[in-house]
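**Student:** One structure is given below, represented as structure tokens, and several questions about it will come after.
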Amino acid sequence: MSRAGARAVTAVRHVDDKERRARLAMRHALHPDHRVADVPAATGAMTVLHATEAATVHLAVHARTEGVCAADVDRSLYEDRSVVKQLAMRRTLFVFPRDLLPAALGSASARVAAEQRRLVARDAQRHGVADDGQGWLDAAAGAVLGRLAGSAPMSARALREELPELTGTVTAHLDKKYGGTSHLAPRVLTMLGAEGRTTRGPNAGHWRLSRPTWTLMADWLGEQPEPLGTDEGYAVLVRRWLRTFGPGTLDDLQWWLGSTRSAARAALAAVDAVPVSLDGDRTGWLLPDDVEPVGPVQPWAALLPTLDPTTMGWKQRDFYLDPEHTAYLFDSNGNGGATAWWDGRIVGAWVQDEEAAVRVVQTPDVDLRPDARAALEHEARRLTDWLDGVRISNVYSSALMKSGRLP
């Protein structure tokens, strides 16, 4: 048995759900008294920010800061480059603090890159793009890297139209809504991004939309991040995750990392994580310098975007989400929609009306006190003012979001 597994039977203390919610309020910079100053601080507080939907990054920063506008987020992403978009855990796009890239590139991103390299080569051969799928992929990747060297950032379409090596389509799942014919070029860029050889440059559209351009990682950052070894990389990620999300269970950690169970166990051991007992007869883990009790906080309200890192930070969510409400707030693939929080629990969603005003939609059978409703209405006005007429569209809309929208 690993050191982490051996220690699981000797929990140092009990951390109840109330304390976990207090930790969440402070560590995630969601409590008004614990908001942070800028984009790097908001990103670092969460370890990483989800970026599958472009608007999530900006809205997640807004929820955790005061006086930071959408242009400040763009500046951090595309001018200062203090935070960087990177495909990593669970084949999900995140915004990383720049100093965390070497850890991801050597561990979670490398795992994704290897799988994508295998799948793209397989599909290129299976769908008749080339007799040698791996040879086709190597040539396509080499052409992209050569074209981007010393170049301004380019879109996937521009690269595909210019480089014959990227020519190729696959047709699949015609019986599904998401099926059809698609180009392989974006998948080649995704693979190169996971490998850390390319990265997403300036967004060629409004901040609420995903219109990425691509450039070489070394050109974008002025240096090529050197990946850590696999074990060291996972350990660095787990140390950050525990600081943000701890205590969490081994199941939580393995799910968040998108790793094997043995890799998650080894990383816990590498950071000398210590066990604590949790409500529900579970074992959670904390960093050794973070075992002291955390006291309560005053009640607070927050409105978080689709796929916010707080909503998506744990696999086992019953300490902040009534399991009976999951179907209202998550889709069938486990993607969390926009959420309304009161005192550490999800109590609803939020939508916008035809004038772009934010409106809270309560989860059925949730009974909120007047002070809770007033606090949520205050957050709705704060978000409405910040959006200043911008309407957010979502790929991942929950059932509660859909039911709360006007016809």
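**Student:** Is region 1-145 rounded, prolate or oblate when judged by the Cα gyration tensor, a ≥ b ≥ c being the square roots of its eigenvalues, rounded requiring a/c under 1.5 and prolate requiring a/b larger than b/c?
**Tutor:** oblate
**Student:** Now for a different question. Roughly how tilted is helix 108-126, in degrees to the nearest 10 and between 0 and 90, from the longest Cα axis of the chain?
**Tutor:** 40 degrees
**Student:** Let me ask you something else. Using a Förster distance of 45 angstrom, determine the FRET efficiency expected from the C-beta separation of ALA327 and ALA149, and round it to 0.05.
**Tutor:** Computed FRET efficiency for ALA327 and ALA149: 0.40.
**Student:** Calculate the all-directions average of the projected area of region 355-407's alpha-carbon convex hull, and give it in nm².
**Tutor:** Mean projected area for region 355-407: 4.3 nm², to one decimal.
**Student:** If each residue of separation counts as 0.36 nm, what is the full-extension length gain between HIS14 and ASP272 once their alpha-carbon separation is subtracted?
**Tutor:** Full extension from HIS14 to ASP272 adds 91.1 nm.
**Student:** If r is the Cβ-Cβ distance from LYS176 to GLU115 and R0 is 30 Å, what FRET efficiency results, to the nearest 0.05?
**Tutor:** Once rounded, the FRET efficiency stands at 0.90.
**Student:** So how exposed is GLU162, as accessible area in Å² (1.4 Å probe, rounded to 10)?
**Tutor:** Approximately 90 Å² of GLU162 is accessible to the 1.4 Å probe.
**Student:** Also, I was wondering about something else. Excluding ALA130 itself, calculate the net charge of residues whose Cβ lies under 13 Å from the Cβ of ALA130, where each Lys or Arg counts +1 and each Asp or Glu counts -1.
**Tutor:** That works out to -3.
**Student:** With all protein chains present, how much of the accessible area of the chain (probe radius 1.4 Å) comes from carbon and sulfur, to the nearest whole percent?
**Tutor:** On the chain, the fraction of accessible area on carbon and sulfur atoms equals 49 percent.
**Student:** Helix 261-270: angle to the longest alpha-carbon principal axis of the chain, degrees 0 to 90, nearest 10?
**Tutor:** 70 degrees
**Student:** Once ligands and nucleic acids are excluded and a 1.4 Å probe is used, how much of LEU216 is accessible, expressed in Å² to the nearest 10?
**Tutor:** Spelled out: LEU216, probe radius 1.4 Å, area about 30 Å².
**Student:** For the pair ASP353/ASP131, report the inter-label distance in nm, with labels modelled 7 Å from Cα in the Cβ direction.
**Tutor:** With each label point 7 Å from Cα toward Cβ, the separation is 6.6 nm.
**Student:** A further question on this structure: How large are Rg and Dmax for region 144-237 when only the alpha carbon atoms are used, in Å?
**Tutor:** 15.7, 46
**Student:** Oh, and also: Please find the FRET efficiency linking CYS69 to HIS34, where r is the Cβ-Cβ separation and R0 is fixed at 25 Å, and quote it to the nearest 0.05.
**Tutor:** 0.80
**Student:** Please give the helix 185-194 orientation as an angle from the longest Cα principal axis of the chain, in degrees from 0 to 90, rounded to the nearest 10.
**Tutor:** Result, in degrees: 60.
**Student:** Of ALA42, SER82, HIS28, which is farthest on the positive side of the dipole of region 1-149, counting Cα position, with +1 on Lys and Arg Cβ, -1 on Asp and Glu Cβ, and the Cα centre as origin?
**Tutor:** HIS28
**Student:** Compute the Rg/Rh shape ratio of region 249-407: radius of gyration over Kirkwood radius, all on alpha-carbon atoms.
**Tutor:** 1.02
**Student:** Next question, about the same structure. Taking trypsin sites (Lys or Arg not before Pro) as candidate sites, keep only those in a DSSP loop with at most 16 other Cβ atoms within 10 Å, then name the longest stretch of the chain containing none of them.
**Tutor:** Segment 178-314 is the longest.
**Student:** A follow-up question, please. Over the Cα atoms, compute the radius of gyration (one decimal) and Dmax (the largest Cα-Cα distance, rounded to a whole number) for the chain, in Å.
**Tutor:** Expressed in Å, the Cα Rg and Dmax of the chain come to 21.8, 67.
**Student:** Let me ask something else. Which distance in Å, rounded to a whole number, links the C-alpha centroids of region 252-318 and region 65-113?
**Tutor:** Rounded to whole Å, the Cα centres lie 21 Å apart.
**Student:** A further question follows. With a 1.4 Å probe and all protein chains kept in place, how do ASP131, ASP38 rank by accessible area, largest first? Walk me through the numbers before you get to the answer.
**Tutor:** Values: ASP131 150, ASP38 65 Å².
Descending accessible area places them as ASP131, ASP38.
**Student:** Placing unit charges on C-beta atoms (Lys and Arg positive, Asp and Glu negative, everything else neutral), compute the dipole magnitude of region 192-256 about its Cα centre in debye, rounded to 20.
**Tutor:** 400 debye
**Student:** Quick one: 3J(HN,Hα) in Hz for region 29-43, Karplus 6.51/-1.76/1.60 with θ = phi - 60°, rounded, Gly and Pro as x.
**Tutor:** 6, 9, 5, x, 6, 10, 5, 10, 8, 7, 5, x, 5, 5, 5
**Student:** Over region 266-321, with the other protein chains present, what is the accessible area per residue in square angstrom, probe 1.4 angstrom?
**Tutor:** Heavy-atom SASA per residue in region 266-321 reads 34 Å².
The values are calculated or read from the model by the stated rules, or taken from the named source; none is laboratory data. A quick note: this is a predicted structure, and the numbers were derived from the prediction, not measured. Note that we place each Cβ from the backbone using ideal geometry, even for glycine, and neighbour counts take in every protein chain shown. We work out accessible area using only protein heavy atoms, side chains counted, and drop any ligands, DNA or RNA first. Shrake-Rupley method; radii C 1.70, N 1.55, O 1.52, S 1.80 Å.
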